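Asks: One structure, pasted below without further comment.
The values are calculated or read from the model by the stated rules, or taken from the named source; none is laboratory data. Keep in mind that this is a model prediction, so the values were computed, not measured. For neighbour counting, all protein chains shown are included, and Cβ atoms are generated from backbone atoms with ideal geometry for every residue, glycine included. Heads up: the accessible areas ignore ligands, DNA and RNA and are worked out on the full protein's heavy atoms, side chains in. Shrake-Rupley method; radii C 1.70, N 1.55, O 1.52, S 1.80 Å.
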Amino acid sequence: MREVDPKTTNRAKAFELWMNAAMPMVTMTKTFDITHLRRLAKRKGVKLNMLMCYAVVKAASSFKEFYMLPVKDKLMAFDNIAINTIVMTKEGGINTCDIPFSDDIHQFEADYLRITSLAERSTEDVVLGDDYMVIGSSALTKCELDSVVNVYAGFWNNPFVVWSKYRKKLFRTTLSLSFQFHHTQMDGPISTGFLNRLQEVMNSMEY
């Protein structure tokens, strides 16, 4: 993680407009077709949540804006990205853990299984540190939600995705997903481009 001068980036105007806004977060919701993803999980015997996490961070890796983040009153740049997921512990609580992005889905899966297993047994969150721009995620799979608006804490500006229980139809499986981001980090064209790219990744993923 390193500080960058916003004036040397394409986020200069957004930094000026939104860094001191009372509520700088934007939330978008979209229904995704995860038919291919669900079939892939079943056919290969892999976790659907792992495929979802991989799809999100894989799509994000296509946009340079995901490698920048407003932190306090500064704009920081990162060389790596990761996704955070929530794990139920053996004691019935929750821990969060960071999964580093690897374009190799098998490497990503190995890291996912190792780190989530560690988080399940740990009494603390498992974090990667300041070298990664982390995308938060939460899978609320007990209910078919239409939308989720996440809390804005003011000290954690990372993008956040939330998805709910998928809906099975005759030939398709759909899933509602909410995407929250800090307006300094990206604007509408980038955020919607990310959502479109996410659907493309879901449709074409191989294992």
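Asks: Determine the dipole magnitude for the range 103-207: charges of +1 sit on the beta-carbon of Lys and Arg, -1 on that of Asp and Glu, nothing else is charged, the reference point is the Cα centre, and the result goes in debye to the nearest 20. Working shown, then result.
Replies: On the way: 9 positive and 14 negative charges, 150 e Å.
Computed charge dipole of the range 103-207: roughly 720 debye.
Asks: Then there is this: Residue by residue through the range 54-59, what is 3J(HN,Hα) from phi via Karplus (6.51 cos²θ - 1.76 cosθ + 1.60, θ = phi - 60°)? Round to whole Hz and write x for glycine and proline.
Replies: 4, 4, 4, 6, 5, 5
Asks: Note down the nm distance, to one decimal, between modelled labels 7 Å out along Cα→Cβ at V151 and at D5.
Replies: Label-label distance for V151 and D5, simple model: 3.9 nm.
Asks: To continue, here is another question. For the range 141-151, what does the Karplus curve 6.51 cos²θ - 1.76 cosθ + 1.60, with θ = phi - 60°, yield as ³J(HN,Hα) per residue in whole Hz, taken in order and with x for Gly and Pro?
Replies: Once rounded to whole Hz, the list reads 8, 8, 8, 8, 7, 8, 6, 9, 10, 6, 5.
Asks: Turning to a different aspect of this structure: Just the number please: accessible area per residue for the chain, 1.4 Å probe, all protein chains included, in Å². Don't skip to the end; give the middle numbers.
Replies: On the way: 10790 Å² over 207 residues.
Per residue, the chain has an accessible area of 52 Å².
Asks: Which of F15, I135, Y166 sits closest to the plus end of the dipole of the chain, meaning its Cα is farthest towards the positive end, when Lys and Arg get +1 and Asp and Glu get -1 on the C-beta?
Replies: Highest projection toward the positive end goes to Y166.
Asks: Name the long-range amide H neighbours of S61: under 5 Å, sequence gap of 5 or more, or other chain; modelled H, no Pro or chain starts.
Replies: Here the answer is none, since no amide H 5 or more places off falls under 5 Å of that of S61.
Asks: Whose amide H sits under 5 Å from the amide H of V126, counting only residues 5 or more places off or on another chain, with H placed in the peptide plane?
Replies: Placed amide hydrogens put T96, C97, D98 under 5 Å from V126.
Asks: Under 10 Å, Cα contacts only: if you run a Gaussian network model on the chain, which one of N20, N157, N49 comes out with the highest mean-square fluctuation?
Replies: With Cα springs under 10 Å in the chain, the top fluctuation among N20, N157, N49 is at N20.
Asks: Using a Förster distance of 22 Å, how high is the FRET efficiency between Q107 and R167, based on the Cβ-Cβ distance and rounded to 0.05? Each step should come with its number before you reach the end.
Replies: Working: r = 31 Å, r/R0 = 1.42.
It comes to 0.10.
Asks: Just from its helices, what would the mean residue ellipticity at 222 nm be for the chain, if runs of 4 or more DSSP H residues each count -39500 (n - 2.57) and the sum is divided by every residue, rounded to the nearest 500 deg cm²/dmol? Please report the intermediate quantities before stating the final value.
Replies: On the way: 5 runs with 64 residues, N = 207.
Value at 222 nm, helices only, nearest 500: -10000 deg cm²/dmol.
Asks: Non-local amide H neighbours of N84 (under 5 Å, H modeled in plane, Pro and chain starts lacking H): which ones?
Replies: So N84 has HN proximity to I99, I135, G136, S137.
Asks: For the range 9-18, in order, what is each residue's ³J(HN,Hα) by Karplus, 6.51 cos²θ - 1.76 cosθ + 1.60 with θ = phi - 60°, in whole Hz (x at glycine and Pro)?
Replies: 3J(HN,Hα) across the range 9-18, in whole Hz: 10, 7, 9, 4, 5, 5, 4, 5, 7, 10.
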